[in-house]
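Encoded as C-alpha cells, the structure appears first; notes follow it.
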Amino acid sequence: MTEAIFVRSVGAVSHAGTGVAALRAALAAPDWRPAPGLARPDAPPLPVAVCPGFSTKDVLPPLVSRRLDRAARLLAVAAHEALAPLGKPLPWALDRVGVCAGTWNAGTSPLVEVLRAVFLATPEEAPPAQFPSTVANAPASQLAILQQLGGPNLTFAEKQVGALRALAEAGRNLLHRRADAVLACGVDEGDWLNAEGYARLGALAAPGRPGMLLAEGAAVLALSREAGAAPLARLAGWGSASTPAPPYLYPRQPAALLAACRQALERARVTPAAVDLLVCQANGSPELAALEATAYPCLFGAHRPAVTAPAERLGEGAVAGALRAVVAVLAVSGAVLPSWAPPSHLAAAGFPAAAAPPRVALVAGIAGGGSAVAVVLSRA
Amino acid sequence: MAEAWITGIGLVSALGADRETTWRELLAGSTGIRPITLFDTDGFRTRLAAQVDEAALALPDGWAATVPHSSRATRFALAAAAEALADAGTALDGGREQAWPLVLGGGAAGLFEAEAFVARRLRHGPRARGVGELVEVPQDSPTDRVGQVLGLCGPRLTVTTACSSSTIAVGIAAEMVRDGEAEVAIAGGTDALCRLTFAGFNSLRAVDAEAAKPFDRRRKGLSLGEGAAILVIEDARRAQRRGARPYASVLGCGVTGDAFHMTQPEPSGAAWERTVRAALADAGIGAAEVEYVNAHGTATEQNDAAECAAYARVFGERLARLPVSSVKGAIGHCLCGAGGMEAAVAALTVARGMLPPTAGFAEADPACPVDPVPGAARAGAPAVVLSSSFAFGGNSAVLVLGRCA
C-alpha cells in the first residue's frame, strides 16, 4: 500500500473475559481451556464460548445499558476500551470517525422476542423497543450514537469472515479519506436459537463428532492514517476472493483462501517468506482443517511460520475474525506471544508454535459459502 | 480514475418481475401495494404490502435446481442477476470475468422461510423438526447463492445497514471499478417480506393502513415491499470497447452515520445534509448540478420532513423547483433491497429522460416543500441525479449518478 494505516489501540470482550488483559493472560497460558455452554430454555446447553461475567458496569449508565441488546452492549464495552488510550476528546472531529463492523448473528435475540409475540400471542404484543435491535447494524449504530461518531457506519455480514471484511473496508475508507479514524470491529451474541440452528445443520461440535465452538464477544481495532505516539501495528494489506459454494458449506478447493492471502501479501508488499505468524481460522470443522492443510503449505512453500488458532478455544464467528486480528496485533506489538499449541492439521504439516515475537502476521479465513478474506498486520 | 458505468439492470418488484414491466408501471403511476397473500395478516394494522408475483419470475433453465432450499430473497436476486447480465450483453465466460466482485445488500434473506421453523420450535419445543428452512438464514446467503450460480470467484461482500444496504453496495462496487480493482462489478440487493418486519414496523406504528403516500400531507407511514435489483457496473473503457449501451455513470457515493437515534431521523436535516454533501464531494460536483432526486421518501411523517429539510439545506430556494420523487408508493419500502432498486430507477431516469412520479401523492405538505412529480411520469433529461437512502441506526447513504459522456 502506498499509504500507511496504523492500529492505534484495541479492545476486546471474549470468552477469556472482559478486556484485552484477560485475552493476553489466556493467550500466555498454554493450558488455558474454554468452558463453553449456552443454556437453552428447554434442552441441554450448546457449545458456545459465551462471555463469563460480562457487565456494562463502569462503562454504561444502567438506563443506557438497558435499552441496548446484548450484542450492542458487548461492542460498547470493547469500544470503550479501545477508545480510552486515544484521549478524550478524541484527536479527530467526531464526524470524521467511522465504524466498520462485521457480525454473524447480531439481532437474533431481539428477533426471537418479536417472533415469540407474533407466534405465541398477537402481533400487537410485539415489543417495539426490541425491533430496532433486530437489524444487524444495530451494534455499530448504537456505538456511533453512544460515542457520537458521525463518520461512515458500515456493517458486513459474511459469516466467519465478516470482521476481517470490516477491517479491510475500514482500510478502504481511510485510504479514500472518508474518515480520519475508523473503529473496525466484530461482534456476535450467544443466542440459543441461532446456535441450535447450526447444531441442526451439523456444524457444531457434539459428543463423538468434531465441529465448531461458536463465539460470543466483541473486538475493536482503532485505525488511523497517523501513527500517533505509540501505534500497536500497521494494517499493511488485505485481499479477498471467493469460490462458488452453497452458503452452508466450505468449498473443497483452497483457491479462494490462497488468492485472498496472496492479494493481502502483495498489497502489503511482503513475500510469504516474510510472514512469521499465521493466525489461522482452525475452528474445529474437519472440512476447514482439510482446506487449511492444503492451502498453507501451498502458500508458504518450504517456509513454516509460527501458527496460532484462537478460534479453537475462543470460538468461531464474525467476532472470531476480529479477535484473531487483535491477537495478531498483540503479537507483533510484543504484548504477548501466543502460547497455544498449533492446530493438529497444521502441526502435522510442520507449522510450529510461536517462539519469538513476530514482525509480520497473516490473518486469514474463509466463510461457509466460500468467501475468503485475509489481512496482513505488521510491526508499526 | 476510471468511470463506472451501469451497463446492465435487472429489476424485480411488485409492479413486475422484470425491469421493463416495473419501469412501465412506475411511469404510469401504478402501485403494487395490495393485500398480501404470503402470510396471515390478522391482527396487524395493515394487510397491504408490495408483494412480488413469484410465479412471474424468470430464472434460466437449471438455476433453481442448482440452489435447493433457496429463499424467496435469493430467487429475486437470481432473476434480477439473469436479467442484468443479459441486458449488459456480457456473458460470464470464465477467466478474468469470474473474478468480478459481487457486492449486495442483504437483509431478511431466508427469514421468511425460517419463520416457519421458529414458530414450530417456539410452540413445540426442541423436538420440532426443521433443517432445510435454516439454510439461508445468514444475511449473506443470497449473495452466496448468486456467486454460486454465476460461478464468481472475486471479492464477495454483503452490506447490511438496513435500508441503505444496497445503496452502499452499489457505492462500494462502483468504487472498485473506479479504483481499477475490477473492470466489472455486480452490485445491488434483495429483500423479501417476512413476519418479523411486518410485526416490527407494525409495533412501531410506522405503517399506513392504506398504501403509502410519500410527501403527502395525509401520510401515515410506510408500506413494506420486497424485490431485488442487480446492476452490472463496468469500466467505461471496457464498455466503450465492446459497444455497450450504458444507462448512467456512478459518479460518487456518500456514507455517513447520523449518531442520533436508532429509529428517529435527526429532524433539522443536518445529519442527512452531511450525507448528501459527502456524496457530492465524492462525485466532485456542486449541488447546483443536481437535476433530480430519487428520494428515500418512506411516507412516515418524520422521515419525509427530515429528508426535505436536508434537501432544503443543500439546495436552498431551488428545492421548490427540483423534482424529488419517491417510488415507495409504488413498490413499497423494500428495506435492504430498496437502495439498489432505487439506484436502478435513477439510472433508468438518466438514460430515458423520464421522471418517475410519486405514486400515492395528492396533497402537498408544507413540511415537504418539494416537487414530488405528482400523478404520472414527466419528461425530463436530468444530467445528474441523486438516489438517497436513510436507514435504521442512522446509516445514511447517497449515490450520485450522471449521464455517460
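No lab work stands behind these numbers, since they all come straight from the coordinates. For clarity, every value in this text was computed on a predicted model and none was experimentally measured. Neighbour counts are summed over all protein chains in view; Cβ atoms, including those assigned to glycine, are modelled from backbone coordinates with ideal geometry.
Tabulated values for the structure
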read-out	value
Prolate/oblate/rounded label for the stretch A:235-378 (Cα gyration tensor, a/c 1.5)	rounded
Top of A:L86, A:L330, A:L23 by mean-square fluctuation, Gaussian network on chain A, Cα under 10 Å	A:L86
Reachable aspartates and glutamates from A:K57, criterion Cα separation under 17 angstrom, eight or more residues apart if same chain	A:D69, A:E81
Three-way shape label, the stretch B:4-402, alpha-carbon gyration tensor, a/c 1.5	oblate
Cβ-Cβ FRET estimate between A:R304 and A:A39, R0 fixed at 56 Å, reported to 0.05	0.85
Loop-located trypsin sites (Lys or Arg not before Pro) in the stretch A:169-236, at most 13 other Cβ atoms within 10 Å (DSSP)	A:R177
Inter-chain Cβ neighbour average for residues A:174-187, partner chain, 10 Å	1
For a label point 7 Å along the Cα-to-beta-carbon line of B:E210, residues of the stretch B:13-36 with backbone N under 19 Å	B:29-36
Segment B:R217-B:D179, length gained on full extension (0.36 nm per residue, minus Cα span)	9.3 nm
Kyte-Doolittle mean at least 0.5, axial Cα span of 15 Å or more - DSSP H helices of chain A	A:70-83, A:108-120, A:255-268, A:286-300, A:318-332
Cα gyration tensor, the stretch A:1-134 - rounded (a/c under 1.5), prolate or oblate	oblate
Signed unit charges on C-beta, dipole axis of the protein assembly as shown, positive-most listed residue A:V77, B:I9, A:A233	A:A233
Modelled FRET efficiency - R0 25 Å, A:L120 with B:H261, Cβ distances, 0.05 increments	0.25
Proxy reagent accessibility, fewest Cβ within 10 Å first, across B:E25, B:E136	B:E25, B:E136
Helix-derived mean residue ellipticity, 222 nm - over chain B, DSSP H n ≥ 4, -39500 (n - 2.57), to 500	-10000 deg cm²/dmol
Qualifying trypsin sites (Lys or Arg not before Pro) for the stretch B:163-235 [loop in DSSP, other Cβ within 10 Å: at most 16]	B:R205, B:R217, B:R218
Where labels lie 7 Å past Cα in the beta-carbon direction, separation of A:D31 and B:E317 in nm	8.1
Surrounding net charge for A:A341, when Lys and Arg each add one and Asp and Glu each subtract one, Cβ distance under 12 Å	0
³J(HN,Hα) computed for each position of the stretch B:239-245 - Karplus, 6.51 cos²θ - 1.76 cosθ + 1.60, integer Hz, glycine/proline x	4, 5, 4, 9, x, 5, 9
Value of [θ]222 nm, deg cm²/dmol, for chain A, DSSP H segments ≥ 4, -39500 (n - 2.57) each, nearest 500	-10000 deg cm²/dmol
Sorted by Cβ neighbour density within 10 Å, fewest at the top, the residues B:M262, B:M1	B:M1, B:M262
Calculated on alpha-carbon atoms, Rg and Dmax of the protein assembly as shown in Å	24.2, 74
Net charge dipole size for chain B [Lys, Arg +1 and Asp, Glu -1 on Cβ; Debye, nearest 20]	440
Two-site label geometry, B:R24 and B:E289: point separation in nm, points 7 Å out along Cα→Cβ	3.5
Total charge dipole magnitude, the stretch A:6-224, about the Cα centre, Cβ charges on Lys, Arg, Asp, Glu only, Debye to nearest 20	500
Pairwise FRET efficiency - B:S268 versus B:E54, Cβ, R0 = 51 Å, nearest 0.05	0.75
Inter-probe distance in nm under a simple model that places probes 7 Å from Cα toward Cβ, at A:A274 and B:R237	2.8
Between the stretch A:50-65 and the stretch A:250-283, the alpha-carbon center distance in angstrom	37
Residue order, fewest to most surrounding Cβ atoms within 10 angstrom, among A:L63, B:L224	A:L63, B:L224
Residues of type aspartates and glutamates that A:K159 reaches as a straight line, Cα spacing below 12 Å, ignoring anything fewer than 8 places off in the same chain	A:D188, A:E316, B:E136, B:D140, B:D144
